[in-house]
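The values are calculated or read from the model by the stated rules, or taken from the named source; none is laboratory data. Everything numeric here is computed off the predicted structure, so don't read it as measured data. Ideal geometry is used to build each Cβ from the backbone, glycine not excepted, and the neighbour counts take in all protein chains shown.
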Amino acid sequence: MSTQKKSLWRRLTGQKKAHSSPAANANEPHIYYGHWPESFRFLNAASFLRGGAQLKDWDSTKAAPFITELLNSERHRFFQAAMGYLFSAGVEGDYLEFGCFSAVSFRMALTWAKMLSLPPMRFVAFDSFAGLPEVDADVALPSWQAGTMAMSEADFMKTLREHGVGLDRVETIPGFFDATLTDELKAKWIAEGRRASFINVDCDLYSSAIPVFRFIEPFLTEGTVLYVDDWFVGYRGSPEKGVAKAFREFAAQSRFRFQPFLNSGWWGRAWIAYLPAAASDSARDRIL
């Protein structure tokens with residue numbers, strides 16, 4: 001990473017310049033980044049672990065917003081790191097999101113692309129804007145039903161306007177994926193030379209993920225971040241069901257290989273696409 005990029009990254013993340021620890025042996029240098037804040041206590045569990053007094057009146061009405069806050073906090077850390085990778089590695093291309101309910105991830109992508117001054121990129125939102133389609137029979141979550149997690153296109157765009165970042169580079173493609181991810185659209189994008197630097201597959205269901213993975217192959221480039229949300233959600237963690245199954249089937253046929261990259265909390269996984277030095281027919285080698 002260049003000196004200029006390192007300086008910008010430290011300012012955005014709050015890191016201080018690395019210094020050799022004064023206690024380090026000259027032959028065994030140690031690296032540290034400033035000092036831990038006074039409120040941080042490795043050995044004092046009470047500083048972060050809530051006890052009986054704090055949980056006395058805790059119930060599901062408090063748990064639900066707490067879980068949402070926890071999920072969004074983990075998701076924000078993931079986007080900060082993933083976009084930071086694109087910045088430092090010099091990977092260029094569009095941001096494609098398949099499943100955009102609540103626009104939280106989409107806004108994080110817009111914000112971090114702006115903060116890191118990433119090269120001009122388009123942000124494309126693929127969504128039915130009518131909620132889930134008919135749900136796969138083997139889904140284990142009763143809350144996943146046809147029509148749930150619906151956000152209209154108008155509300156989606158209203159949310160982005162209120163966010164106020166990068167609206168002129170946003171494109172929406174409404175409709176269920178089996179209807180919108182057509183060969184015609186693929187051919188049009190190929191002719192335009194479009195590439196994706198970051199692909200966010202957040203469509204929950206195996207049946208929804210299949211047309212997504214059939215569509216994206218021509219737009220991968222070396223270094224593309226491919227993120228699959230809900231990897232462990234909806235099918236009780238089984239890699240033989242849901243979006244995990246769809247990804248593994250895709251990876252077994254793709255000309256790219258996929259290097260494990262980051263997790264988003266406990267539910268999502270990301271890979272970096274790369275082209276192997278030598279061709280391999282081993283499906284195992286396609287996902288390290």
Just the residues that are exposed (fewer than 12 other Cβ atoms within 10 Å of the Cβ) and closer than 23 Å to TYR206 by Cα, please, taken from the stretch 142-183. PRO142, SER143, ALA146, ALA179, ASP183
From the list GLY237, GLY223, GLY268, which one is in the same structural domain as ASP178 (by TED's automatic domain parsing) and without any contact (Cβ under 8 Å) to a residue 12 or more places away in the chain? GLY237
When GLU192 is evaluated against the numbered criteria (1) surrounded by fewer than 19 Cβ atoms within 10 Å (Cβ to Cβ); (2) in contact (Cβ under 8 Å) with a residue 12 or more places away in the chain, which criterion, by number, is the only one it fails? (2)
Within the stretch 71-88, how many residues turn out to be more than 16 Å from VAL225 (Cβ to Cβ) and surrounded by 12 or more Cβ atoms within 10 Å (Cβ to Cβ)? 3
Looking at the stretch 208-243 only, could you name the residues that are at pLDDT 90 or above, under 17 Å from VAL135 (Cβ atoms) and among the acidic types (Asp, Glu)? ASP229
Odd one out for LEU116, checked against (1) modelled with pLDDT under 85; (2) surrounded by 14 or more Cβ atoms within 10 Å (Cβ to Cβ); (3) under 28 Å from the mean Cα position of the chain (by Cα): (1)
Answer from THR159, THR172 - the residue that is under 30 Å from GLY84 (Cβ atoms), in the same structural domain as GLY237 (by TED's automatic domain parsing) and assigned to a helix (DSSP H, G or I): THR159
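Surrounded by 15 or more Cβ atoms within 10 Å (Cβ to Cβ) and part of a helix (DSSP H, G or I): is that true of ALA209 in this structure?
On the way: surrounded by 15 or more Cβ atoms within 10 Å (Cβ to Cβ): yes; part of a helix (DSSP H, G or I): yes.
Yes; evaluated as a whole, the condition is true for this residue.
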Please identify the pairs in which a residue from the stretch 89-105 that is crowded, with 19+ Cβ neighbours inside 10 Å has its Cβ atom under 6 Å from the Cβ atom of a residue that is of a type in the set (Phe, Trp, Tyr) and assigned to a helix (DSSP H, G or I), counting only partners at least 6 apart or on another chain. GLU97/PHE106; CYS100/PHE106; ALA103/PHE156
